[in-house]
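All of the numbers you see were taken from the coordinates with simple rules; none came from a lab. Since we're looking at a predicted model, the values are computed, not measured. Methodologically, a virtual Cβ is constructed for each residue, glycine included, from the backbone with ideal geometry; neighbour enumeration extends over all protein chains shown.
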């Protein structure tokens, strides 16, 4: 079995990070807009009068149930980039019926749910090539394999194939790793690692994440769960490379030999949980469901799951956990707390999970790689430290990696 190193992490900003307080305030305007779009003050449905929520009611719910700026400071939300000036300079003095509305959310006559899925996929296709351009801005040598990860947009040929074609990388093999949501980095890393293990030349395998989650903000459903979702998720983009270890160490073009050695991986589908998290393609956008049972499943199963992961290479989690660092996918502020408490570690041992959530929000599959980037570059985490990484997604799927910092 070949030893595989993950290195060359490169986060990409496509737009600007926007303050969470301003995003939450702007969400109120958009909720109010879609609540009243195409409706009279009262609508008669099944002989029951449906009165659209007032701005005060909307404001109170958003304030109560959205993720606050204490947990998330800024997020990247590309579909709002054309109203950046309004958000930054005008919103505080604007009424809910007189504000800048993004033209890309405009509805057609008789349609009150915003642009349909085909339009949103065009946004994805038109914007995501920039991520590959940035990742490969200082890389000339073609990878043997390129794995594209996303759960937020599709085209065929894909943006990854277009990136390879435009660079005349005729022998680069493109693999698509799609629709797995927040745990998507883990299957992609397993795939890239397996491709290297099966290679006769030990060629580099690149993984690029393009998560344009703002394309799927559902601003027509005024509910508690959707209010939380609209304030939690963010756009996120990052690329990184996997190498066979000897090739990595002998490659003179890699000046800093920093990275993470893969020791073990593990994945399970938690029984009786298929209905508790989903990410489905809808007519207008991708639709997320998230039940209240998810934290219960995580707390109940996580310690045994991670113990099995570590035991695959003879590591005793309980005996060694105090010396480890933990990369926990921040499904929400409380999810990290639940895992920390269930395992019995300190918050400092998961510090970069909290920090990435605070600085960027939940970027779905791109989030854990952002955490890896910080761990690799954190001089306070010495080489030799074992890193336990984990994420959760539809299924309900729990997945993990045991890594070692080099």
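Overview of values
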| quantity | calculated |
| --- | --- |
| Residue in region 213-224 that is within 30 Å of residue 378 (Cβ to Cβ) and buried (at least 18 other Cβ atoms within 10 Å of the Cβ) present | yes |
| Residue under evaluation residue 142, criteria (1) outside any helix (DSSP H, G or I); (2) surrounded by 17 or more Cβ atoms within 10 Å (Cβ to Cβ); (3) under 22 Å from the mean Cα position of the chain (by Cα), criterion not met | (3) |
| Candidates 220, 227 - the one that is under 30 Å from residue 124 (Cβ atoms), part of a helix (DSSP H, G or I) and touching a helix residue (DSSP H, G or I) at 6+ places or on another chain (Cβ under 6 Å) | 227 |
| Hits in region 180-201 (condition: buried (at least 17 other Cβ atoms within 10 Å of the Cβ) and not in a helix (DSSP H, G or I)) | 180, 184, 199 |
| Those residues of region 374-404 which are part of a helix (DSSP H, G or I) and surrounded by 20 or more Cβ atoms within 10 Å (Cβ to Cβ), in sequence order | 375, 376 |
| Subset of region 99-127 (residues that are part of a loop (DSSP other than H, G, I, E, B) and closer than 22 Å to residue 230 by Cβ) | 99, 100, 101, 102, 106, 107, 111, 112, 113, 114, 115, 116 |
